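The values are calculated or read from the model by the stated rules, or taken from the named source; none is laboratory data. Keep in mind the model is a prediction, meaning the values are calculated, not measured. In this analysis, Cβ positions are derived from the backbone assuming ideal geometry, glycine residues included, and neighbour counts consider all displayed protein chains.
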Amino acid sequence: MSVDYNTIQIPLIKAKEIAKRLYNVEGEFKTLPGELDFNFLIETKRENYILKISRPNQDLEPLRFQQAIFQHLANSQLVSPKAFPDLLGNDIRIIEDVQGLKRAVRLLSWIDGRLWSSVNPITDKLLYGLGLEAGKITCALSTFKHPIAQRSFDWDLAQAAWTFKHINLFSKSQKHLVVYFQKQYEGFQNNYKKLRKSVVHNDANDNNILVSNKLIDPEVVAIIDYGDAIYTQTINDLAVAIAYAIMDKPDALSAALPIVSGYHSQFPLLEEELFFLYHLVAMRLVISVTKSAINKQKEPNNKYLSISEKPAWDLLEKWRAINENLAHYSFRNACGFAAHPKETVFLEWFKKQAVALNQFFPTLNFNQVYTLDMSVGSKWLGHESEYNDLELCSFKINRLQNEKPKTLFAGGYLEVRPFYSTNAYKKEGNSGPEYRTTHLGVDFWVKENTPIHAPLDGEVFSIYNNGNDKDYGPTLILKHQTDSGIPFFTLYGHLSESSMTLVTTGQQIHANDLIAYVGNANENGSWSPHLHFQIMLDMLDYTQDFPGVAFPNQVPVWKRICPNPNLLFKYEGLNEHTKTPNDIIIDFRKKHLGKSLSLSYKEPLKMERGSGVYLFDATGRKYLDTVNNVAHVGHEHPQVVKAGQEQMAVLNTNSRYLHDNINNFANALLATFPKELSVVHFVNSGSEANELALRMVKAFTNAKDMLAVEIGYHGNTNACIDISSYKFDGKGGQGAPEHTHIVPLPDSFRGLYQGENTAESYAKHIDEQIDVIHSKGRKLAGFICESIISCGGQIELPENYLKLAYQSVRKAGGLCIADEVQTGCGRVGETFWGFQLHGVVPDIVTIGKPIGNGHPLAAVVCTQEVANAFANGMEYFNTFGGNPVSCAIGNKVLQVIKEEKLQENALRVGSYLKDNLIKLQKTFSIIGDVRGQGLFLGFELTDKHKRPLPEKATFLANRMKDFGILMSTDGKDNNALKIKPPLVFSRNHADELLYRLEQIFNEDFMRNF
């Protein structure tokens, strides 16, 4: 029968009257959600309370049951509600409402915190904390007894069979989903009923979990509302907690595991209980969606009753897609049990088996095994363009085989491989994209049509041709069993199509029987003929194929399902592929590398490969690089790599010998400059370039005093540090040297002068500092300035600032240096060099490593007059400056910029990204300013009073890293995020960056300021 929710609810004004009359409590009242009770928060000066008023004529026994629980928990260490008596001493007070209907009233202590439903993000650490608290409650209630605990109750998982009667409330697709889990539930009742039982909370939903008010690393404070507590199978409580906590998580199973682990740490689970957990989570969701369907009919106006309906349906679909055995193994692993229940017994048997590889490949004549490195950091694999070239890879394999004719080439177990970091192996994880990069079998690189013989007795489980899937070809799976009857499987992939006729499904196979042939490249699309061999303890519902790679975070479980095949062959070279742990690498750095070296991010990354706009860590995860302007035309651009390799193989010498490369590169470089800048000196780094520029200035002017901009950074040599306010005004610095004069950072947003038309105000400080120099009887040497201030926070110079500054400097006899180390080579989009944005021509321009795409190459370009003054008889010689290899690389970088239209791309994509950052700024006021040109952008985080928020900026950079995007902070107050990616950064990459920024700007810590 339908209930008019509006007629039975309690108005706020009535709740205030009840609290005053029964408890003499007054304060600020707020309505809270609730399924059965009407709940109100009362805030007083002394303490806060929660007033609970029941529906009309509610049964009092459940309420007395709850009060008994509160009394029981009062003796525990748990944070739990405390019940207050009314003025007459009643824990539960019965009143009559205006309709003469009886209602129960209770007053409980308020536990401070935020509802789980309001917390963002829900991290693994918080999920673990939920499991921890739920386990503590289960432990505390394990000794609690009460008659009402064994009541009939719809929300009790042990009584979930009532949902069977309501299956017609659902659509056809919904019904199919629900019936599947109901049948599974019905089928395991005999064993399920034997599980241990106790009183459990039974309702750890997102509105009953309180989280601390800390915005970074919050903790679960308490789980409240014991209205659904019931005596039932103990494992049910964990299933309930999981069902609600993992809603809206892209990877539901991964989200569940920290909860299981935390719960087990406080209340040790039994192995037999974990068997049922997957289906119990599903049945809690079935109860939830069934209740929602019924309640929508009864109380259509009560939105709370269906608040979890859509997320529950979504989760049910995700949960159904997870193999139940894989979930079971994952739960076991999270509790510290062997992932597969029979793994230990199997391994004991398996290790006793001995199969020689010569028995596996009886036609091959080899006496050693050589491990072929195909890991993400493999130098043998080489550049991405090489390992994606099938002909080249096949040639390299064949050459190896010819060089070592008595060798079997193999390897790959748990090897992280770069060619799996593609969309075909990608999924959206709980922290951004993840890739199945970890190889679960062993590959044997042998000639095509090499016969393969069975290592063990068994039968043909399946023989399947993948058809159009040319990445794998035909696959054979054999089924075996141990002496004690444990089944396991062996998989043989990349076979010849002729193998399809050798065996049939169900056929008995004996050890040493011929079972297949290795396919050729045309049949399976691999670089070179090889066999993929894998062992599985469970087929996980696969019938014709099986995953050959796993997600890195799931490897602890998958390697238990797919043990190392070398346990069979026992060759040392085929052991599990391992990497040096990051903590060991970090420890070595701290002890033996320069003490001033720093690492990016709270949790440092170990990078092993680069490609285009991406860097790859040791797990094969791709990170979108928005920071590394040094990889100017893309990490390891194939043409640039090739240019360096080819020239290095022929000649690398110094500039005292004639060579075409230095002339060709100089000519191409000077073609990008105004005609006044016509002489180039080649060096190895931006620091060297600025060091040389300072020598030129002093040689030309016969003066030492330099003007530089506040927060400017120009290099790490002594002379460069002396003009870098970013360094000498920062930690460890000793302030400006005698001959360095700093002018204010020309920041129109938060600087000394703000708003439009600030150029003259900032430029007057140039004149003031020149006067200071003259007052000391000295002359001005020069002025150095970046075209967009980088370390200052990507600060765009006010319009006409450089024009006015250059006029004053030249009037005083000084030279003007444009530091283009970060802004040059087409990065700003509209022009090739940053100074061209300002309509000026410097006397000297310095260029850094971007011109070499990361190769140690830099240059100083100057006027003929400056070059002549510097050529005073003292030779300038740099052993590697202008060497043929560096010049070949630099020339190729310029060609790539032109041929791939990367300057145009910087303008187009940079404008799109900047426009959308400005749109984002309108939604998130924490973005105080967006600035920059082309693909040299930045945005600053401030409060409404323009006060800097450096801790927010640091948090944002670290959170973006968690989601696979590399960002970095800078600026005078370290509150600016800089965006200066490789110029191959596309609109799709910009969209990914914007999407993740919006996602994190919605997190609690970023929204509270």
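Table for the structure above
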read-out: Test: residue in segment 855-877 that is under 30 Å from Ala990 (Cα atoms) and either surrounded by fewer than 24 Cβ atoms within 10 Å (Cβ to Cβ) or of a type in the set (S, T, N, Q) (or both); value: yes
read-out: Ile788 vs. criteria among the β-branched types (Val, Ile, Thr), in the same structural domain as Tyr762 (by TED's automatic domain parsing) and under 25 Å from Val930 (Cβ atoms); value: yes
read-out: Any chance Ala149 is assigned to a helix (DSSP H, G or I), touching an Asp or Glu at 6+ places or on another chain (Cβ under 9 Å) and either within 25 Å of Val286 (Cβ to Cβ) or of a type in the set (Phe, Trp, Tyr) (or both); value: no
read-out: Residue among Gly928, Gly934, Gly938 that alone is among the small types (Gly, Ala, Ser), in contact with a Gly (Cβ under 7 Å, 6 or more places away or on another chain), in contact (Cβ under 8 Å) with a residue 12 or more places away in the chain and over 28 Å from Glu428 (Cα atoms); value: Gly934
read-out: Residue tally, condition buried (at least 16 other Cβ atoms within 10 Å of the Cβ) and farther than 16 Å from Asp203 by Cβ, over segment 145-176; value: 5
read-out: Segment 206-225, subset over 28 Å from the mean Cα position of the chain (by Cα) and not in a loop (DSSP other than H, G, I, E, B), residue surrounded by the fewest Cβ atoms within 10 Å (Cβ to Cβ); value: Ala222
read-out: Selected residue (only one of Glu710, Glu646, Glu676 is acidic (Asp, Glu) and in contact with a Pro (Cβ under 7 Å, 6 or more places away or on another chain)); value: Glu710
read-out: Some residue of segment 70-89 being touching a residue at least 60 places away in the same chain (Cβ under 8 Å), within 16 Å of Phe38 (Cβ to Cβ) and not polar (S, T, N, Q); value: no
read-out: Residue satisfying condition, being buried (at least 21 other Cβ atoms within 10 Å of the Cβ), within 22 Å of Asn988 (Cα to Cα), modelled with pLDDT of 95 or more and small (Gly, Ala, Ser), within set Ala631, Ala643; value: Ala631
read-out: Spans of strands (runs of 3 or more DSSP E) in segment 1-118 with at least 3 residues assigned by TED's automatic domain parsing to the domain that holds Phe153 and hydroxyl-bearing (Ser, Thr, Tyr); value: none
read-out: Ser288, sole failed condition from (1) farther than 17 Å from Cys562 by Cα; (2) surrounded by fewer than 20 Cβ atoms within 10 Å (Cβ to Cβ); (3) not aliphatic (A, V, I, L, M); value: (2)
read-out: Qualifying residue in segment 61-84 (condition: under 27 Å from Ala140 (Cα atoms), of a type in the set (D, E, K, R) and crowded, with 18+ Cβ neighbours inside 10 Å); value: no
read-out: Residue in segment 535-547 that is part of a strand (DSSP E or B), touching a Cys at 6+ places or on another chain (Cβ under 7 Å) and assigned by TED's automatic domain parsing to the domain that holds Lys479 present; value: yes
read-out: Wholly within segment 848-932, helices (runs of 4 or more DSSP H) carrying at least 2 residues that are within 28 Å of His637 (Cα to Cα); value: 884-899, 902-923
read-out: Criterion: under 17 Å from Val743 (Cα atoms) and at pLDDT below 95 - qualifying residue of Gly782, Gly793; value: Gly793
